[in-house]
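Undergrad: Got a structure here, written out as C-alpha cells. Questions coming.
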Amino acid sequence: MRQYLFKISTKLKDEIKDPQGQVVEKISKRLKIFNEINVKVGKFYEISFFAESLDEAKTKAGELAQNILTNPVIEEYQIIDIKEIQ
Amino acid sequence: MKKLTANIVKFPGTNCENETLESLEYLGFDVSFISHNETMINSDLIVLAGGFSYGDYVSCGRIAKYSPVVLSLKNATLERKVFILGICNGFQILTEANILPGAILENIGGKFICDNVELNFLNRSFSLPIAHHQGRYYIDDIEKLNDFEIIKYKNNPNGSLANIAGLYDKKRYIMGLMPHPERNMITPFKPENGKIIFEFIKKTIEKDFYGLV
C-alpha cells in the first residue's frame, strides 16, 4: 500500500447564488480594491490515505468528493493536486 | 381507538426533540425517542427534529444522511406505511439523503433568520416560527414537484425558489418543512398554529393507514 495526498476544493455551481461570495464582492468594491469582481466561496480539503495504486487513489478520492464533500445537486469539486507521499 | 405511534430520532446535536415530543403527545400520539443508530422502523410517524445533526459538519444534514436510521428510512416506506416528517434540520437531512428532491442552501442574505412568517398550505393561511441560516430551497427543475403539495411563504424571507417553505409528497407520505410547528403548539405560544401541521399528519395517518374517518 502506498500513501497519497489529495487536495480538493468544492464550491457552489456557477448558476447558484453564493451569499458569502456576494459579501466579499461588496466589501472589495467598497474598499476600491476592485471595481468589477466575481467571487465564489468554497471549501478546501487536504486528505491523506493509503491505496494500492494511483488509479485506485483517484477513484476513492472521487467517491469521497461526490458522496460526502459535495451535494451534486448544488455543488461541484475540483481535484487540485494528487501525489504519493513517502 | 388505536393510539398512533411516533418515533423522534435523536442525532448528536438534535435540539428540538422535547418540544416535538410534547406536541405529539398533546395530540394523543404514543411517542418515544429512537437513536440515530436504529434500523428498525415500526411506528406510524417518524420525525427528524430540528437542530444541528452531527454539528452540521461539512454541510447541514450531510453526515446524518449516512446514519443507520436515515439509510433505513429509504426502505421503510416500501415495507409498510410510515409517515416521515423532517423539520428544519430534518428537512435538510431528507433533501441531502435524496428522500425529498432538491437541496437547501444558505439564506440569500447570508444571515440567520429567526422570525414568525406567514405561510400558505392547502388553501389555509397561518404563521409559524422559522429559525435557520440555511433554509433557501433549490431544485434544478420545478416540474419535479408537480405531484407535491407545497407549503409556501407569503413573503419569501430567505430566497427560496418559488417561495417554498416545505414539501409534502402525498404519495409516499413524506413531509419536509423549514418552519417549526412544534414551537407554536402549546400555550402560552398562541395561536397554536403548529396544530395545523400536526393535526393534518394525524388525520392523514388515521384515514390512509387505518381507514378511520
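Bear in mind that the values in this text are calculations on the coordinates, not laboratory data. Here the structure is a predicted model, which is why all the values come from computation and not from measurement. Here the Cβ positions follow ideal geometry from the backbone for every residue, glycine too, while neighbour counts run over all protein chains shown.
Undergrad: Please list, ordered by chain and number, the residues whose modelled amide H lies under 5 Å from the amide H of A:Gly42; skip anything fewer than 5 residues away on the same chain.
TA: When sequence neighbours closer than 5 places are left aside, there are no close amide H contacts.
Undergrad: Okay, moving on. Find the eigenvalues of the gyration tensor of the Cα atoms of the protein assembly as shown, then list the square roots of 5 times those eigenvalues as equivalent ellipsoid semi-axes, largest first, in whole angstrom.
TA: 37, 25, 16
Undergrad: Need one number: % antiparallel among DSSP beta bridges in the protein assembly as shown, to the nearest 5.
TA: 70 percent
Undergrad: Another question, then. What is the sum of charges around B:Phe121, taking Lys and Arg as +1, Asp and Glu as -1, for the other residues whose C-beta is under 10 Å from the C-beta of B:Phe121?
TA: Its environment carries a net charge of +1.
Undergrad: Follow-up. By DSSP, what percent of the beta bridges with both residues in chain B are antiparallel, rounded to the nearest 5?
TA: 55 percent
Undergrad: Taking B:Lys3 as the anchor, which lysines have their alpha carbon closer than 18 Å to its alpha carbon, excluding any fewer than eight residues away along the same chain?
TA: B:Lys81, B:Lys195, B:Lys202, B:Lys203, B:Lys207
Undergrad: Which aspartates and glutamates, on any chain, are close to B:Lys154 with Cα under 12 Å apart, when same-chain ones fewer than 8 places away are left out?
TA: Cross-link targets: B:Glu118.
Undergrad: OK, next. Calculate one ³J(HN,Hα) per residue across region B:16-28 by plugging θ = phi - 60° into the Karplus curve 6.51 cos²θ - 1.76 cosθ + 1.60, and present them in order as whole Hz with x for glycine and proline.
TA: Working through the residues one at a time gives 10, 5, 6, 5, 5, 4, 4, 4, 6, 5, 4, 8, x Hz.
Undergrad: How large is ³J(HN,Hα) for each residue in region B:40-52, as worked out from phi by the Karplus curve 6.51 cos²θ - 1.76 cosθ + 1.60 (θ = phi - 60°), to whole Hz, x for Gly and Pro?
TA: The phi angles translate into 9, 9, 9, 10, 6, 10, 10, 10, 9, 7, x, x, 9 Hz.
Undergrad: Calculate the dipole size of the protein assembly as shown relative to its Cα centre from +1 charges on Lys and Arg beta carbons and -1 charges on Asp and Glu beta carbons; express the result in debye to the nearest 20.
TA: 500 debye
Undergrad: By the scheme Lys and Arg +1, Asp and Glu -1, what is the net charge of all other residues having a beta-carbon under 11 Å from that of B:Asn107?
TA: +2
Undergrad: Using unit Cβ charges (K, R positive; D, E negative) and no other charged atoms, how large, in debye to the nearest 20, is the dipole of region B:5-210 about its Cα centre?
TA: It comes to approximately 240 debye.
Undergrad: How long is the gain from A:Glu63 to A:Gln78 if the chain were fully straight, where each residue apart is worth 0.36 nm and the alpha carbon distance is subtracted?
TA: Here the segment from A:Glu63 to A:Gln78 would lengthen by 4.1 nm.
Undergrad: Can you give the FRET efficiency to the nearest 0.05 for B:Ser125 and B:Tyr26, using r as the Cβ-Cβ distance and R₀ = 25 Å?
TA: 0.60
Undergrad: For region B:5-210, what does the convex hull of the Cα positions come to per residue, in cubic angstrom?
TA: Value for region B:5-210: 110 Å³ per residue.
Undergrad: Hey, another quick one. For an R0 of 30 angstrom, estimate the FRET efficiency from the Cβ-Cβ distance between B:Ala162 and A:Asp14 and round to the nearest 0.05.
TA: My answer for the efficiency is 0.90.
Undergrad: In a shell of Cβ-Cβ distance under 12 Å around B:Arg62, excluding B:Arg62 itself, what net charge do Lys and Arg (+1) and Asp and Glu (-1) give?
TA: Net of charged neighbours comes to -1.
Undergrad: Give the total of Lys-Lys pairs in chain A with Cα-Cα distances below 15 Å; include a pair only if its members are 8 or more places apart or on different chains.
TA: Lysine pairs satisfying the spacing and distance rule in chain A number 13.
Undergrad: Which FRET efficiency value, to the nearest 0.05, is calculated for B:Glu118 and A:Ser48 with the Förster distance at 45 angstrom and r the Cβ-Cβ distance?
TA: Rounded to the nearest 0.05, the efficiency is 0.35.
Undergrad: B:Ser127's amide H: which non-local residues (gap 5+, or another chain) put their own amide H closer than 5 Å, with H modeled 1.01 Å from N in plane and none for Pro or chain starts?
TA: Placed amide hydrogens put B:Leu119 under 5 Å from B:Ser127.
Undergrad: Sequence-distant or interchain residues sharing an amide H contact under 5 Å with B:Gly86, placed H: which?
TA: It is B:Leu48, B:Met175, B:Gly176, B:Leu177, by chain and number.
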